[in-house]
Amino acid sequence: MGFKSFLLIILFTLFFTGCMPKQDDVKNVFQSDSANIIKRDYQKSQKLLISFKQKLDKRNPKAYDKALEQKIYDLIINSEKTLHLKYKNRILENYKDYLQLAFSKDFISARNDYLILGLYYSLYEAYDIKSGHKIIALEYEKEKLHKLHKNLQILKWKIKVDRDLNNEYLFLTWQNNWQIELEKKLNNNEEISYDDIKNLAFIKNGKENLLSRSNFTFEVILTQMIYNVENSLYALGEEPKKLALDAVFFLFI
């Protein structure tokens, strides 16, 4: 007797005994523990990505398209792949195209959107969302999850350090505002005194001080997403690989 025949018999029995469960319950009953773990890892990363976008747009308010804001949220929440941005009249479909544009040194309008969609479509492909419900963990492709794991490590480093052609950070994340203000003055070859530092806008108005802690929220979120992928790989019997520091300069794969 095949698995599908066995499944039909079980459902037939449940129906006539008045115990017919809801559709989601049926899925969970016949889904292996490992497959359930992997599914939950994806769902956790979905929520983290939404939080990441909220914080990224707030920190970089001029770097996203407000007309696309809700569309991108709905896309992530509903696990869809129906939004494709254009760049120079070319429709982008591959997550690598989005990530490469997000970290391009050239001027990129709505840079945040390219980063978020690149990150989301990376998750979408690695967890094979298009194929629908998975009954057993072996239906997931290990190599895709390994790629996602490497790309997240690369992204976690690049978002902290990458700069554009004007030597300005592509994304503001961990930096205090007074540090950015001071760096701009230094880049303009201005001579800086201690009084100049005290008169930096965010220090002068009392919003920050020289001992203000850096914002590690973005790093924490990406670390949690990396952990989720590692957990998925462990569920598949795979050993996640940590990238060496020199490897994070590689291109996305």
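Can you name the residue in segment 197-236 that is assigned to a helix (DSSP H, G or I) and charged (D, E, K, R) and is also farthest from Ser51 (Cα to Cα) among such residues? Residue satisfying both the conditions and the ranking: Lys198.
Residue-by-condition table, conditions (1) assigned to a helix (DSSP H, G or I); (2) of a type outside the set (D, E, K, R):
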site	(1), (2)
His149	yes, yes
Gln179	yes, yes
Asp195	yes, no
Glu238	no, no
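Whether a residue is open to solvent by 30 Å² or more (accessible area, probe 1.4 Å), closer than 21 Å to Ser51 by Cα and either of a type in the set (S, T, N, Q) or within 26 Å of the chain's Cα centre (by Cα) (or both) was assessed, and Lys150 does not pass this test. Filtering segment 194-213 to residues that are open to solvent by less than 100 Å² (accessible area, probe 1.4 Å) and over 24 Å from Asn166 (Cα atoms) leaves Asp195, Lys198, Asn199, Ile203, Asn205, Gly206, Glu208, Asn209, Leu210, Ser212.
Consider Phe252 against the criteria (1) of a type outside the set (Asp, Glu); (2) part of a helix (DSSP H, G or I); (3) under 30 Å from Glu141 (Cα atoms); (4) open to solvent by less than 30 Å² (accessible area, probe 1.4 Å): it satisfies all of them except one. Which criterion is unmet? So the condition that Phe252 fails would be (2).
Only one of the listed residues (Lys142, Lys134) is open to solvent by 40 Å² or more (accessible area, probe 1.4 Å) and of a type in the set (Lys, Arg). That residue is Lys142.
The values are calculated or read from the model by the stated rules, or taken from the named source; none is laboratory data. It should be emphasised that the depicted structure is a prediction, and the values quoted were computed from it without experimental measurement. Side chains included, ligands, DNA and RNA excluded: accessible areas come from the protein's heavy atoms. Shrake-Rupley method; radii C 1.70, N 1.55, O 1.52, S 1.80 Å.
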